[in-house]
Amino acid sequence: MSNITNEGLILACSTIGAGLAMIAGIGPGIGQGIAAGQGAAAVGRNPGAKGDIMSTMLLGQAVAETTGLYGLVVALLLMYGNPMLAKFLKL
Amino acid sequence: MGYGMMPMLLAADKEVDFSIHHLIGYQFMGQTVYITTSHVCMILIMATIMIFAVVARRKIMHAEEVPTGLQNVVEFAVETLEGFVNSSMGKNGRKYICYVGTLFLYILLSNISGLFGLRPPTADYGTTFSLALITFVMIQYNNLKYNKIGAFTGLFQPIWFLFPINLIGEIATPVSMSLRLFGNVMAGTVMMALYYGLLPLFAKIGIPAFLHVYFDLFSGAIQAYVFSMLTMVFITDKIGEA
């Protein structure tokens, strides 16, 4: 254990943190699935309104996706921007 | 110390490449500012749109009674955009066709520029945040124009101590819009770079075509649609019944 450098530890923990941040992808997955299922059911009940249902569904899915994308942004920052390492190296 | 240069993706530090590259640096107010790949791709996209616009204008100036060829394409595009704006903004749509159409065309071309080997400019947070700021200014302008003093008192509705939450809600609009576009396009760019960078040669023949169709064409078109749609929804929301 003694031959782990500080930088190495920070990099390893950042990578694990990036992986944990992507757990945020679960929520949008469930939400978008529900939206798509309800959209399909709505088209089944009323095929004439397909265009309106489609645009409403896409808009809702895009908004539901936002939280997952916040997770993605955090993960990308941890992997490639790495604020923790910068903070450590500037100390 | 350039911590961005550190090898953080162990398997392929050299092959996997989706970062923004600095091309030319110059001094601006005591800081070094760079012309990056985003700028170059943006200029290429702008040139494409401008050339298309000039050609289309020449064609429409000498329009024929029965449209053929390019005239068909231009009329179809304009009618589609008009229908798109009018269907979601109603009677207020007329004024915003130009803005929303420009936004849609630019974001669409930016997103699918990954197909042509460019790095999409929308995978740069600077670009998407600027676009979202323009939209934010339009939203707040319409808020002031149509609600007048209500733009400020509306922040204290339904009760005064909700003011901070309402304020955050207003400010979160450009942040969430820009992050949504950036995150989607960036995810596509990262996936394509990983696919091209990490797999052996035989896996790169034929199969990436399907990935390009999903990540560049489908996802790009959806995100362009969503961004312009949200712009229209927020503006219509502020205009209200006035």
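Taking the stretch B:27-40 as the search range and keeping residues that are more than 23 Å from B:Met192 (Cα to Cα) and hydrophobic (A, V, I, L, M, F, W, C), which one is most open to solvent (accessible area, probe 1.4 Å)? Taking the candidates together, the pick is B:Met29. The C-beta contact set for the stretch A:5-16 (first residue assigned to a helix (DSSP H, G or I), second residue open to solvent by 80 Å² or more (accessible area, probe 1.4 Å), distance under 7 angstrom, 6+ apart or interchain) comprises A:Ile10/A:Met84; A:Ser14/A:Met84. In this structure, A:Ala40 does satisfy being assigned to a helix (DSSP H, G or I) and open to solvent by 50 Å² or more (accessible area, probe 1.4 Å).
Only a single item in (1) loosely packed, with under 15 Cβ neighbours inside 10 Å; (2) within 30 Å of B:Ile134 (Cα to Cα); (3) of a type outside the set (A, V, I, L, M); (4) away from chain A (no Cβ under 14 Å) is not met by B:Asp237, and it is number (4). State whether one or more residues within the stretch B:200-214 are among the hydrophobic types (A, V, I, L, M, F, W, C), modelled with pLDDT of 90 or more and under 30 Å from B:Glu170 (Cβ atoms). Scanning the stretch B:200-214 turns up no residue that is among the hydrophobic types (A, V, I, L, M, F, W, C), modelled with pLDDT of 90 or more and under 30 Å from B:Glu170 (Cβ atoms). I need the full set of residues from the stretch B:193-222 which are closer than 21 Å to A:Leu69 by Cα and surrounded by 15 or more Cβ atoms within 10 Å (Cβ to Cβ), in order please. Scanning the stretch B:193-222 gives B:Ala193, B:Leu194, B:Tyr195, B:His212, B:Phe215, B:Asp216, B:Leu217, B:Ser219, B:Gly220, B:Ala221, B:Ile222.
Across the stretch B:143-192, which residue is farthest from the other protein chains (Cβ to nearest Cβ) among those that are of a type in the set (D, E, K, R) and surrounded by 12 or more Cβ atoms within 10 Å (Cβ to Cβ)? The qualifying residue farthest from the other protein chains (Cβ to nearest Cβ) is B:Lys145. Tallying residues that are open to solvent by 40 Å² or more (accessible area, probe 1.4 Å), of a type in the set (A, V, I, L, M) and either within 8 Å of chain B (Cβ to nearest Cβ) or in a helix (DSSP H, G or I) (or both) within the stretch A:58-91 yields 6. Filtering B:Ile43, B:Ile112, B:Ile24, B:Ile51 for residues that are modelled with pLDDT of 90 or more and loosely packed, with under 12 Cβ neighbours inside 10 Å leaves a single hit, B:Ile51. When the residues of the stretch B:72-87 are filtered to those that are over 19 Å from the mean Cα position of the chain (by Cα) and within 14 Å of chain A (Cβ to nearest Cβ), the one that is least open to solvent (accessible area, probe 1.4 Å) is B:Gly83. When A:Lys90 is tested against (1) over 17 Å from B:Asn184 (Cβ atoms); (2) at pLDDT 90 or above, just one condition goes unmet, and that condition is (2).
The values are calculated or read from the model by the stated rules, or taken from the named source; none is laboratory data. Here the structure is a predicted model, which means the values were calculated and not measured. Note that we place each Cβ from the backbone using ideal geometry, even for glycine, and neighbour counts take in every protein chain shown. When the accessible area is computed, the model is the full protein with side chains, heavy atoms only, and any ligands, DNA or RNA have been set aside. Shrake-Rupley method; radii C 1.70, N 1.55, O 1.52, S 1.80 Å.
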